[in-house]
Every structure is written in C-alpha cells, then in structure tokens.
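Data first, discussion second: the structure below is written as structure tokens.
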Amino acid sequence: MASFSVPNVKLVGISACVPKKIISNLDHPYFSSEMMASFVNSTGVNERRVAEETQSTSDFCYEAAEDLIKALSWEKSEIDILIVVTQTADYKLPVTSAILQDRLGLPTTCMAMDIPLGCSGYVYGISTIAALLSLGTLKKGLLLVGETNSKVVSPFDKSTEPLFGDAGTASAFIFDPSAKPIPFSLGTDGSGHKAIIIPAGGSRNRVDEKAMEFVKVEEGIIRNQCSLVMDGMDVFSFGISKAPANVKELLTYSEKNIDDIDFFVFHQANMFMNNKIVKKLKIPVEKVPYSLSKYGNTSSATIPLTIVSELHAQVSNSKTEILCCGFGVGLSWGTCILDLENLVVPKIKEV
Amino acid sequence: MEINEFVRNFSDQLDDTDVSTVTADTKFRDIEEWDSLTSLSIIAMVDEEYGAKLTGEDFRQSETINDLFNLVKSRTN
C-alpha cells in the first residue's frame, strides 16, 4: 500500500446538494414491503434521494459548488484547479469537469479533469488535488464529487436499486504553508474488477440490442448489460478485511491511534458491512457517523455528504481530526486524515 | 482447524434453525432461513475466526458445509 503525506494544503469548506425527490424503501414502488423490511433492517437504508430524469451529476455538483464559493467569499477568477470525481459523468465524453468549469464561470486558465473512481474516489480526489496544490503555484482548488447512481442501476434489481442514492458535493482546498501534512494510504486490487461493474457501454462491450435486453438473473434480480452489477459477497469479503487493514496501516504510518481521531467517516456501503468494519477496529460507535438511513450509498459522495449531514456542528465550530476511509469498486481503497478548523459548511441544498 | 468447530461456528450464524440438525454434510442452501445475509455472516465469521476470505464464487461452487470447510482450510496455515 502506498502511504505518503502531502504538506501545505488545507481543506477549508465542504458543501452538498441532493435531489428533492425521496424514494422510501419501506414503501417501495416495485419491491414488496416484506422483502424491503428485511433489506432496510440489514442495510440501514430507509430512504434515498433520486434525480429526476432531467437532472444529471453536474447539476448537483454545480449547486454544491456555487453554495460553497459563496460561503467562502471566493472570487471565481482565483480558482486554479477543478477536479470532478464521478462514475456517472454527464456524458461518455467530454469530462464533466469541463462542463462545470464553463457553467460555474471559472477562468479558462483553470485546469480541469475527471477521476472516474467510486467509493474510494473522495480520498483519491483529495490526494490528487492536494499534491497539485502543494507545489504552491496553484492556490485554490475545488474538488466536486457526485453521482447519479439511479441512472445506472436496474429498477428491477433488489441487490442494487434500493441501496444507491444520488448526490453532489464540493470541497474547497487552498495552498497554505502552515497546514499540517495530510497523510494518505491508497491501494488497488484490480483482480476484483468484476465485483462491481457495468459490463456494456465501454470499448470492451458495445451497447447493442442484446446488451439492452433485460434478463432475470435470479429471484428479484432482473437487469441488462448496461446496469450496474454487484457481487455483494465479494464486495463484503473485500470490505471487511481491506478497510480495517487500510485504517490500521495509516494510523501506524502517521503515528496515531484511535483515541487521537475525533471522527471516523467511512464510505457508507451498507450498515451490515460498516458495522463489521467498525467492530473489527474497536472504534467507539459515537465516533462513527452514518448518513445511510437518509441518503443510502452515494458511492464517491458518501464521505463528504456524511461530514456535511452528520458533523456539520462539530467541524464548523471547532478543531477536529477526521479519518476518512473509502473502499469499493475497482477494487480500490484509500484512507486519509484531515485536520479541520472552523470548516465552512453551508446547509445541504435540495434541487 | 477441525470440522466440528467449523460446523459450530457456522451454526452460530443461524437464528431460526435447530442447530442439532446442522452437520458437515448439510447442504447449506437447503437450510430454510438461508439467504444472502446468512452468507455474509458466514464470510464475516470465517474472516474473524480463521483470518481467511470466502468469495461469492466459493459459495456458488460449494454445496455442503464441508465443502466450505475445505476451502477455508486450504487458505489457512
């Protein structure tokens, strides 16, 4: 695993925007309430926010970014770098960051790029934007992390549809020589790339008539080759071993222990898996916030969304040390520790 | 690692089954309460008790508790 520290960079604000539309899992439009009762019980996902047909990932990231820029009183002309982390980009090409550079009115001197990572994406995104800002030439950067998972799950797949939600987030970083170095530990195991996959639509398997055909895979799972496929057992097996190992690795590298950390913000996979991870690490439960019941699993967006939704008061009024750990699709994982002081956190927006 | 202990650890993951009916030769998919969540509990138990990994493919290729035992055994020292 790659462990390293990035100096001179500070996270100064986080915001989030979610769809107005709520889908309740106990009153599900397609699946029976009996089945969904046990689903809610094990996953902890009571309801989720789902985009309208006309809304895309950039719409939620845009609103989150506008709110944060305003709350920080930043001049848009000062923003030197924009990174968008998403697996549900607006288009196959061009990158969503280019669309947002224009829509947000950022200067054309702003460098913009997408990182198509999922559950580990927030930590990877921070590592990338921090490494670039750390050099001192670029001063201010925006990391926009969001998904419209509802667009890629089959509406007839009980293993994915009721779990995933949509959201957009924005995180603001500045070059600051007085900032404490941010420690990271990142890793990849592509041997598990089929554990979470959308088989068709890339250059390996084109979208054709056959790929569009919905097929019953098992009871409660009907999907086509353009739908997100998740092998829950493989992902679980990976998550409960790799996430705790990665957290331990970073704590050792940064010479810290669990007591030194105020909050542990894990990727919100599902309650069953997250509970196992937390139990294994013996972290006091009060240090582990969850937003699963309200927003479900929003892949790359879960960590910033959970900070905004659950730690709003703590991070905006004091000094906090937060460990963030993302793990999943790739398979890919990453952990970092953020030193926060009076973070600017606007209220969650709904559109 | 021995089979009786594995069967006991396996049975501990079941809520509504008479554990005296569960043996090494039990076909786990025939257990009435068996569902995807039970398989996740078995994966977690194997991770905790034996430090080994079981995958979705392992379950699909296995029929009895003994089949799973042999897989776990081959992955522990």
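A short reminder: the numbers here are calculations on the coordinates, not readings from a lab. Fair warning: this is a prediction, and the values are worked out from it, not measured in the lab. Cβ sites come from the backbone with ideal geometry, for glycine too, and all protein chains shown count toward neighbours.
Out of the residues in the stretch A:252-273 that are in a helix (DSSP H, G or I) and without any contact (Cβ under 8 Å) to a residue 40 or more places away in the chain, which is surrounded by the fewest Cβ atoms within 10 Å (Cβ to Cβ)?
The extreme case among them is A:Asp259.
Can you name every residue in the stretch A:128-162 that is hydroxyl-bearing (Ser, Thr, Tyr) and either more than 17 Å from A:Ile222 (Cα to Cα) or within 14 Å of chain B (Cβ to nearest Cβ) (or both)? Talk me through it step by step, then tell me what you get.
Within the stretch A:128-162, the subset hydroxyl-bearing (Ser, Thr, Tyr) is A:128, A:134, A:137, A:148, A:150, A:154, A:159-160.
Answer for the stretch A:128-162, where residues must be hydroxyl-bearing (Ser, Thr, Tyr) and either more than 17 Å from A:Ile222 (Cα to Cα) or within 14 Å of chain B (Cβ to nearest Cβ) (or both): A:Thr128, A:Ser134, A:Thr137, A:Thr148, A:Ser159, A:Thr160.
So which residues in the stretch A:83-98 are closer than 23 Å to A:Val329 by Cβ and among the hydrophobic types (A, V, I, L, M, F, W, C)? Full working, then the answer.
Step one: list which residues in the stretch A:83-98 are closer than 23 Å to A:Val329 by Cβ, which gives A:83-97.
Passing the criteria: A:Ile83, A:Val84, A:Val85, A:Ala89, A:Leu93, A:Val95.
Suppose the filter is out of contact with any Ser or Thr (no Cβ under 9 Å at 6 or more places or on another chain) and more than 14 Å from every other protein chain (Cβ to nearest Cβ); does A:Asp339 pass it?
Working: out of contact with any Ser or Thr (no Cβ under 9 Å at 6 or more places or on another chain): no; more than 14 Å from every other protein chain (Cβ to nearest Cβ): yes.
When the stated conditions are applied, A:Asp339 does not pass them.
Taking helices (runs of 4 or more DSSP H) that fall entirely within chain B, which contain at least 2 residues that are within 14 Å of another protein chain (Cβ to nearest Cβ)? Don't jump to the end; show me each part of the working.
On the way: elements: B:3-11, B:36-50, B:56-61, B:65-74.
Counting at least 2 such residues, we get B:36-50, B:56-61, B:65-74.
Whether any residue in the stretch A:181-198 is farther than 26 Å from A:Asp157 by Cα, outside any strand (DSSP E or B) and more than 14 Å from chain B (Cβ to nearest Cβ) is what I want to check.
Checking the stretch A:181-198: at least one residue is farther than 26 Å from A:Asp157 by Cα, outside any strand (DSSP E or B) and more than 14 Å from chain B (Cβ to nearest Cβ).
Kindly provide the set of residues from the stretch A:199-236 that are away from chain B (no Cβ under 14 Å) and either among the β-branched types (Val, Ile, Thr) or in a strand (DSSP E or B) (or both), ordered by number. Please lay out each step first, then the result.
Residues of the stretch A:199-236 that are away from chain B (no Cβ under 14 Å), as a first pass: A:199-216, A:222-228.
Within the stretch A:199-236, A:Val207, A:Val215, A:Lys216, A:Ile222, A:Arg223 qualify.
Picking from B:Glu5, B:Glu49, which residue would you name as being surrounded by fewer than 18 Cβ atoms within 10 Å (Cβ to Cβ) and either under 10 Å from the mean Cα position of the chain (by Cα) or within 30 Å of A:His193 (Cβ to Cβ) (or both)? Before the answer, list the steps.
Values: B:Glu5 fails: either under 10 Å from the mean Cα position of the chain (by Cα) or within 30 Å of A:His193 (Cβ to Cβ) (or both).
Criteria check complete, one pass: B:Glu49.
Counting just the residues of the stretch A:122-175 that are of a type in the set (Ser, Thr, Tyr) and assigned to a strand (DSSP E or B), which one comes out surrounded by the fewest Cβ atoms within 10 Å (Cβ to Cβ)? Lay out the reasoning, then the answer.
Step one: of the stretch A:122-175, the residues of a type in the set (Ser, Thr, Tyr) are A:122, A:124, A:127-128, A:134, A:137, A:148, A:150, A:154, A:159-160, A:169, A:171.
This time we only want the ones that are assigned to a strand (DSSP E or B), so: A:148, A:169, A:171.
On the way: A:Thr148: 27, A:Thr169: 32, A:Ser171: 30.
So, considering only residues that are of a type in the set (Ser, Thr, Tyr) and assigned to a strand (DSSP E or B), the one surrounded by the fewest Cβ atoms within 10 Å (Cβ to Cβ) is A:Thr148.
Given (1) within 14 Å of chain B (Cβ to nearest Cβ); (2) in contact (Cβ under 8 Å) with a residue 40 or more places away in the chain; (3) among the acidic types (Asp, Glu), identify the lone condition not met by A:Glu249.
Evaluating A:Glu249 over (1) within 14 Å of chain B (Cβ to nearest Cβ); (2) in contact (Cβ under 8 Å) with a residue 40 or more places away in the chain; (3) among the acidic types (Asp, Glu) leaves (1) as the failure.
Where in the stretch A:1-74 are the strands (runs of 3 or more DSSP E), entirely inside, with at least 3 residues that are surrounded by 23 or more Cβ atoms within 10 Å (Cβ to Cβ)? Break it down stepwise before answering.
Values: elements: A:2-6, A:9-18, A:22-24, A:47-49.
Hits in the stretch A:1-74: A:9-18.
I need the full set of residues from the stretch B:21-34 which are free of Cβ contacts under 8 Å to residues at least 24 places away in the same chain and either among the polar types (S, T, N, Q) or surrounded by 12 or more Cβ atoms within 10 Å (Cβ to Cβ) (or both), in order please. Walk me through it before giving the result.
Of all residues in the stretch B:21-34, those free of Cβ contacts under 8 Å to residues at least 24 places away in the same chain come to B:21, B:30-34.
Correct list: B:Thr21, B:Ile31, B:Trp34.
Assuming A:Ile81 fulfils every condition listed in (1) within 25 Å of A:Leu311 (Cβ to Cβ); (2) buried (at least 16 other Cβ atoms within 10 Å of the Cβ) apart from one, which condition is it?
That leaves (1) as the condition not met.
For the stretch A:279-336, which positions are surrounded by 24 or more Cβ atoms within 10 Å (Cβ to Cβ), in contact with a Phe, Trp or Tyr (Cβ under 9 Å, 6 or more places away or on another chain) and farther than 29 Å from A:Ile197 by Cβ?
Selection gives A:Val315 alone.
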